Amino acid sequence: MPPERKIAICPGSYDPITFGHLDVIQRSARIFDLVVVGVVNQPVRKQQTLFTAQEREAFALQATEKLDNVQIEIFDTLLVDFARKHGACALVKGLRAISDFEYEFEMNQLNRRLAPDIESVYMMASPQYSFLSSSGIKEMATFGAKVEDLVPDGVAEALHERLARTKEQ
Ligand code: PNS
């Protein structure tokens, strides 16, 4: 019997993807045979995203093009259903600070209840990215701060373009 492929899901809004996300994706790709980056598309969510799901997917695709065992996919279902569809054994999340813990603790309980067979795995953020968040990046870009060393090039350009455009409206 061939050995079972270990598949992990790295889920998120990725609005937009940052070097912090990429760090978790790259490190996961060293542990698992396949990493599926799930870009959530939840129109029911109260909070609007700055970029469409297709734009967020395109940024993630570009940023991970050199990683052979990473694929990107948009999903709009329960995370555990998405994981099941891919035969994943794990959900991998990055943890930056204690402030992430409470939300992730709740998510862990919900997901565990829905799918006890799928393990949630928490990866501590690398110190250089422990302050980094997509919302922080958007705030910085809104006020014209430099974000080029925190997000991939295409994302930095898109942020400046989109937020400049938003300001004109
Ligand atoms: O980057 P984010 O916004 O923190 O990611 C949140 C995400 C996508 C992990 C979370 O919203 C999620 O899992 N959404 C899918 C719906 C779901 O399964 N919710 C949890 C159980 S009710």
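A short reminder: the numbers here are calculations on the coordinates, not readings from a lab. Everything numeric here is computed off the predicted structure, so don't read it as measured data. Cβ coordinates were reconstructed from backbone atoms using ideal geometry, including for glycine residues, and neighbour counts include every protein chain displayed.
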Expected unfolding gain across residue 86-residue 113 under the 0.36 nm per residue rule, minus the alpha-carbon gap, is 7.8 nm
Taking the number of other C-beta atoms within 10 Å as the exposure measure, put 14, 103, 129 in order starting with the fewest. 103, 129, 14
GNM on the chain, C-alpha springs below 10 Å: top fluctuator among 96, 56, 113? 113
